[in-house]
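Okay, structure first, notes after.
A short reminder: the numbers here are calculations on the coordinates, not readings from a lab. In this text, all values refer to a predicted model and were calculated from it rather than measured experimentally. For neighbour counting, all protein chains shown are included, and Cβ atoms are generated from backbone atoms with ideal geometry for every residue, glycine included.
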Amino acid sequence: MLNYRDELDKMPSYDGVEKNYRIKVNANECTLSLPPLVEERVMNRLAHVAFNRYPNEEYYSLVEQIAKNFSVDDEQIILGGGSSEIIEKVFHAFGGAGKKVVFPQPSFSMYKIYAKAAESEGIPFDLDENFNLDVDAFIKKIREVNANLAVVCNPNNPTGNVLSPAQVEKIAASIDCAFLLDEAYVEFYGRSAVNLVAKYPNLLVARTFSKAYGLAGARVGYMIAQREVTRMVNKTFMPYHLNSLSLVTADIVYQMRDEFVPRLHMIVAERKRMAERLQKLSGVEIFPSETNFILFRTTRAAELKDYLETLDIGIRYFSPNAFGLKNCLRLSIGTRMENDEVFSAIKNFLEAV
């Protein structure tokens, strides 16, 4: 008989199995691949990868770039398999039996899973009916439960709304425990809190190449924190946990990040255009977004999701049991042509007698 770890059968899991839709706007991915100049440079660099060597040089080349950009020391940077791996390791670093982690809900669904995996008690804090975070009440909750870690996704997934830098700083200044700020979508918002790391030893900022830079398939992210924090969190990672191919690709992408600025502007402009059009549809409630997606509510959400699937369009539908997300759909921003087709399909369905 096989003896599994206690409670493993009760662990929640993340369902990552997805259909390859003709138009895929359900996963918050970048709809475009690399810009041509970037792709050319990446392919040329990959031709010279030393596959027989561990990825030390590639790892520290990217670390140096990121550190230089944010004017911090190399020792303040940790790289991971997307920001997801970094977040998981932070939960392990500050979690454990009897430890408590506080995070808003609805937010990134993996927080609950990471808390469980770290044998910690995950304590969700409810957002209000408009998905806003009551910062004072959040701080109070963190103090009341004597939390070891607080986590905020900013901008928030799946709601799209944000905390201001002043609100982020208020949290960091008002709590004694570690404070992880998940900035996976910050490039679409433009207001990072990385500059606060120098002032607050408890602040850790995680970011990713998956969204703004379209490297979801490469799985590369990074964290910025004070040196003592990164020294301890680093202990939770396995040796050589990132491969050379992903590191080289991310290194070139970061060198050429200015090439991505026009598409960031395009995505933001398309998000605004789509939100304005959807807002005009009867029975549709749009929530403000500073990301590459829009959350909206309609009483016909489940039917609409099924209808879009008949057109080979994938959209994110939330379970009726998901806190605060009943009758909600999340729409990632695609190209202008994709957006027009998706909008027309939504409009036709909702206006059909």
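Quick notes on this one:
- Helical mean residue ellipticity (222 nm; -39500 (n - 2.57) per DSSP H run of 4+; nearest 500) of the chain: -11500 deg cm²/dmol
- Residue by residue, the range 93-107 carries 3J(HN,Hα) couplings of 5, 10, x, x, 4, x, 8, 10, 10, 10, 8, x, 9, x, 7 Hz when phi is fed to the Karplus relation 6.51 cos²θ - 1.76 cosθ + 1.60 (θ = phi - 60°); x denotes Gly or Pro.
- The distance between label points at Lys19 and Lys199 comes to 4.9 nm (points 7 Å beyond Cα on the Cα→Cβ vector).
- Cα-based Kirkwood hydrodynamic radius, the chain, one decimal, Å: 21.3 Å
- Panel order for Ser210, Ser13, Ser84, by other beta carbons found within 10 Å of each beta carbon, from fewest to most: Ser13, Ser84, Ser210.
- Top of Pro158, Pro320, Pro106 by mean-square fluctuation, Gaussian network on the chain, Cα under 10 Å: Pro320
- When Thr159, Thr236, Thr298 are sorted by how many other C-beta atoms sit within 10 angstrom of their C-beta, beginning with the fewest, the order is Thr236, Thr298, Thr159.
- Cα-centred dipole magnitude for the chain, charges only on beta-carbon of K, R (+1) and D, E (-1), debye, nearest 20: 200 debye
- Label-point separation, Arg143 to Asn321 (7 Å along Cα→Cβ), nm: 3.6 nm
- Residues Met1, Met110, Met337, Met274, sorted so that the one with the fewest Cβ neighbours within 10 Å comes first: Met1, Met337, Met110, Met274
- Each label was represented as a point 7 Å from its Cα along the Cα-to-Cβ direction; for Asp258 and Arg227 these points are 3.2 nm apart.
- Computing FRET efficiency as 1/(1 + (r/R0)^6) for Glu276 and Met1, where r is the C-beta to C-beta distance and R0 is 41 Å, gives about 0.10.
- The range 298-351 versus the range 69-130: alpha-carbon centroid distance in Å: 29 Å
- Partner lysines for Lys141 [C-alpha distance under 26 Å; skip if fewer than 8 residues away on the same chain]: Lys89, Lys99, Lys100, Lys112, Lys116, Lys170, Lys199, Lys326
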